[in-house]
């Protein structure tokens, strides 16, 4: 379980998160809903260690993530797909997906196994695996970022506004993929941020609402 306890974050002197607390539970999909600027992205970045906390703790099972440098969060089993994708344009789609596995020094057989799993869930990535990442559309880039996150997500998968900017057909395909992921990798704890819960209704087990940096309405669904 990923536990966020009373986490506050300030950016350039402005308080962005105010004592945010939530538990991201294995085998459950938690959706964090909020308007732009509510604190969704900041929450995920705090979990990944990309921005400092003013106070509060973040733990993965018995491990205190505050004691882990940001670059080791993936080694702990946390996959993260940021809203802005952050692909390396000069590398191919497959090279972008493989990159975290290489950073973790996984052996060739394990990398191949994980790639096969990703291509099974996201067959469109297999079709464009040799294309430069800089040549894919924004929606396709979201899929590549998902595949890259799945390369290391052994315990937790964090998706930041995965549907933002997607054409309706691609949004439906992405939602379908998340449904298949839940069936194929039931052990994962998922945390997905979105402005609207519509496309996630079928797979959401728990919904949290964030506004002005505070979680307002935890829901005990599922």
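Hey, any hits in segment 169-189 for a residue that's out of contact with any helix residue (DSSP H, G or I) (no Cβ under 9 Å at 6 or more places or on another chain) and buried (at least 19 other Cβ atoms within 10 Å of the Cβ)? Yes: segment 169-189 contains one or more residues that are out of contact with any helix residue (DSSP H, G or I) (no Cβ under 9 Å at 6 or more places or on another chain) and buried (at least 19 other Cβ atoms within 10 Å of the Cβ).
Inside segment 8-25, can you point out the residues that are touching a residue at least 40 places away in the same chain (Cβ under 8 Å) and either within 14 Å of the chain's Cα centre (by Cα) or under 17 Å from residue 193 (Cα atoms) (or both)? Break it down stepwise before answering.
From segment 8-25, those touching a residue at least 40 places away in the same chain (Cβ under 8 Å) are 8-11, 15-22, 24-25; that's our starting set.
The answer is 16, 17, 20, 21, 22, 24, 25.
Out of curiosity, is residue 104 over 27 Å from residue 166 (Cα atoms) and touching a residue at least 24 places away in the same chain (Cβ under 8 Å)?
Yes, satisfied.
Condition check for residue 75 on (1) surrounded by fewer than 18 Cβ atoms within 10 Å (Cβ to Cβ); (2) touching a residue at least 24 places away in the same chain (Cβ under 8 Å); (3) more than 25 Å from residue 106 (Cα to Cα): one failure, at (3).
Before we move on, is residue 81 surrounded by 12 or more Cβ atoms within 10 Å (Cβ to Cβ), closer than 24 Å to residue 24 by Cα and under 16 Å from the mean Cα position of the chain (by Cα)?
Working: surrounded by 12 or more Cβ atoms within 10 Å (Cβ to Cβ): yes; closer than 24 Å to residue 24 by Cα: yes; under 16 Å from the mean Cα position of the chain (by Cα): yes.
Here the answer is yes, as residue 81 does meet what is asked.
Which members of segment 123-140 meet the condition of being at pLDDT 95 or above and surrounded by 17 or more Cβ atoms within 10 Å (Cβ to Cβ)? Those that are at pLDDT 95 or above and surrounded by 17 or more Cβ atoms within 10 Å (Cβ to Cβ): 125, 128, 129, 133. Can you say whether residue 86 is out of contact with any helix residue (DSSP H, G or I) (no Cβ under 8 Å at 6 or more places or on another chain) and without any contact (Cβ under 8 Å) to a residue 60 or more places away in the chain, as far as the supplied structure shows? Criteria not met by residue 86. Is it the case that some residue within segment 194-207 is touching a helix residue (DSSP H, G or I) at 6+ places or on another chain (Cβ under 7 Å), in a loop (DSSP other than H, G, I, E, B) and touching a residue at least 40 places away in the same chain (Cβ under 8 Å)? Checking segment 194-207: at least one residue is touching a helix residue (DSSP H, G or I) at 6+ places or on another chain (Cβ under 7 Å), in a loop (DSSP other than H, G, I, E, B) and touching a residue at least 40 places away in the same chain (Cβ under 8 Å).
For residues that are farther than 20 Å from residue 83 by Cβ and assigned to a helix (DSSP H, G or I), tally how many sit in segment 130-155.
Keep residues of segment 130-155 that are farther than 20 Å from residue 83 by Cβ, which gives 130-132, 135, 154-155.
With the extra rule that they be assigned to a helix (DSSP H, G or I), the set shrinks to 135.
Selection size over segment 130-155: 1.
Which residue is modelled with the highest pLDDT, if the candidates are limited to segment 41-65 and must be assigned to a helix (DSSP H, G or I) and touching a helix residue (DSSP H, G or I) at 6+ places or on another chain (Cβ under 8 Å)? Filtering first and then ranking leaves 47. Filtering segment 26-55 down to residues that are free of Cβ contacts under 8 Å to residues at least 60 places away in the same chain and in contact with a strand residue (DSSP E or B) (Cβ under 7 Å, 6 or more places away or on another chain), which residue is nearest to residue 182 (Cα to Cα)? Per the stated criteria, the residue is 46.
Within segment 162-169, can one find any residue that is outside any helix (DSSP H, G or I) and in contact with a strand residue (DSSP E or B) (Cβ under 7 Å, 6 or more places away or on another chain)?
The first filter runs over segment 162-169 and keeps only residues outside any helix (DSSP H, G or I), leaving 162-167.
Filter once more, keeping what is in contact with a strand residue (DSSP E or B) (Cβ under 7 Å, 6 or more places away or on another chain): 162-163.
Yes, the conditions are met somewhere in segment 162-169.
Restricting the first member to segment 154-175 and to residues that are on the phi > 0 side of the Ramachandran plot, and the second to residues that are in a helix (DSSP H, G or I), the beta-carbon pairs closer than 6 Å and six or more apart or on different chains are 165/138.
The values are calculated or read from the model by the stated rules, or taken from the named source; none is laboratory data. Here the structure is a predicted model, which means the values were calculated and not measured. Here Cβ is always computed from backbone atoms with ideal geometry, including for glycine, and neighbour counts include all displayed protein chains.
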